[in-house]
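Before any comments, here is the structure.
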Amino acid sequence: MAETNIGSRWSLQGMTALVTGGSQGIGYAIVEELAQLGATVHTCSRNQSQLNESLHQWTTKGYKVTGSVCDVSSRANREELITRVSSQFNGKLNILVNNVGTNIQKPTLDFTGEDFSSLVNTNLESAFHISQLAHPLLKASGAASIVFISSVAGVVSIGVGSVVYGATKGAMNQMTKNLACEWAKDNIRTNSVAPGPIRTPLGDKHFKEEKLYNAFMSRTPLGIGEPNEVSSLVAFLCLPAASYITGQTICVDGGLTVNGI
């Protein structure tokens, strides 16, 4: 049942959150947004120095954020991460944001078996496994929310070189729907946020290619977006005010997916 108090409906005060890959880009914005709304957040990154710099910035701002080094493509690392989070948050977790994702952009015929396995493991298997591992913590919290960071590539074609990437994100969107139904009995909501072209270190690397940049710009009415335009939706989905929203894939894409010929 949704909260009736207006203030508590729009606050994450007293809640705990895990955001994977939070040291830069969209992940960084999500950590900051959740912390601003009162959540105590744990995040992880493969890069120790980058993580330390981000933690320093958040501490300076007075946010309650901790972090640890973790490569989510490693099954052992994922298990260690959830063990750490369980210990830190006393076996309860309100929010899980599966944010980590990567892309190997090359024509389909150039893809190797290793490329395929790497993308599926990093983008899809890691999110599935972390959700599995976190389930007892989420259930124990009494009311929990999982948000998967997907992509418009899981909804529409975004051009040559994104077949496998798009497949992992499309599968993530379907996983969102099924978990929403399966775990509703445990009061765990699951939703998927699908960003379009966003200005991040990974995105900027792709936008350097003029042809690709122009293709996105021609298809996106509002142009390239910013990380905090994604994090605001993620945070909303985690709020008590969003307590009846589950199983949805919501695009934050400046109009890309609705722009016809």
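The values are calculated or read from the model by the stated rules, or taken from the named source; none is laboratory data. Since the model is a prediction, treat every value here as computed from it, not as a measurement. All Cβ positions, even for glycine, are placed from backbone atoms using ideal geometry, and neighbour counts span all protein chains on display. Ligands, DNA and RNA are stripped out before the accessible areas are found, and what is left, the full protein with its side chains, is counted by its heavy atoms. Shrake-Rupley method; radii C 1.70, N 1.55, O 1.52, S 1.80 Å.
Couple of notes before you dig in:
- C-alpha long axis of helix 228-238 to longest principal axis of the chain, angle in °: 40
- Once backbone amide H atoms are built at 1.01 Å from N, R189 has A144, S145, I146 as its partners under 5 Å, excluding neighbours fewer than 5 places away on the same chain.
- GluC sites (Glu not before Pro) restricted to DSSP loop in the stretch 126-219 with at most 15 other C-beta within 10 Å: E209
- Projected-area mean, the stretch 117-159, by convex hull of Cα positions, square nanometres: 3.9
- Carbon and sulfur %, accessible surface of the stretch 1-144 computed with the full protein complex present, 1.4 Å: 51
- Most to least packed among 144-155, 120-131, 34-45 [average Cβ atoms within 10 Å]: 144-155, 34-45, 120-131
- Normalising the average separation of contacting C-alpha pairs (under 8 angstrom, six or more residues apart) by the number of residues puts the relative contact order of the chain at 21 percent.
- Local electrostatic count at T16 - Lys and Arg +1, Asp and Glu -1, tallied over other residues with Cβ under 13 Å: +3
- Global form of the stretch 10-140, assessed from the alpha-carbon gyration tensor, a/c cut-off 1.5: prolate
- Rounded to whole Hz, the Karplus (6.51, -1.76, 1.60) HN-Hα couplings of the stretch 107-122, x for glycine and proline: x, 3, 5, 8, 5, 9, x, 5, 4, 4, 4, 4, 5, 5, 5, 6
- Using 0.36 nm per residue and subtracting the Cα-Cα separation, the extra length available between Q50 and V69 on full extension is 5.8 nm.
- Amide H contacts of T249: S192, each under 5 Å away and 5 or more positions distant or on a separate chain (H built 1.01 Å from N in the peptide plane; Pro and chain starts excluded).
- The chain: Cys lacking any partner C-beta under 4.7 angstrom: C181, C238, C251
- Protection proxy ranking for 167-178, 188-199, using the average of other Cβ atoms within 10 Å per residue and placing the highest first: 188-199, 167-178.
- Modelled spin-label separation between Q57 and S87, with each label point placed 7 Å from Cα along the Cα-to-Cβ direction: 2.8 nm.
- Once you reduce the stretch 191-261 and the stretch 1-75 to the center of their Cα atoms, the two points are 20 Å from each other.
- Less than 5 angstrom separates the built amide H of S141 from those of L93, all sequence-distant by 5 or more or on a different chain.
- In Hz, Karplus ³J(HN,Hα) per residue of the stretch 46-63 (6.51, -1.76, 1.60; θ = phi - 60°; x = Gly, Pro): 6, 9, 4, 5, 5, 5, 4, 5, 5, 4, 4, 4, 5, 4, 4, 7, x, 7
- Heavy-atom surface of the stretch 188-261, accessible at 1.4 Å and reported per residue (Å²): 51
- Heavy-atom accessible area, probed at 1.4 angstrom with all protein chains present, ranks F207, F116, F236 as F116, F236, F207, highest first.
- Per residue, the stretch 37-172 exposes 44 Å² of solvent-accessible protein surface, assessed with a 1.4 angstrom probe and all protein chains in place.
- Rounded to the nearest Hz, the phi-derived 3J(HN,Hα) couplings of the stretch 8-24 under the Karplus curve 6.51 cos²θ - 1.76 cosθ + 1.60 (θ = phi - 60°) are 6, 5, 10, 9, 10, 4, x, 8, 10, 9, 10, 10, 7, x, x, 8, 7, where x marks glycine and proline.
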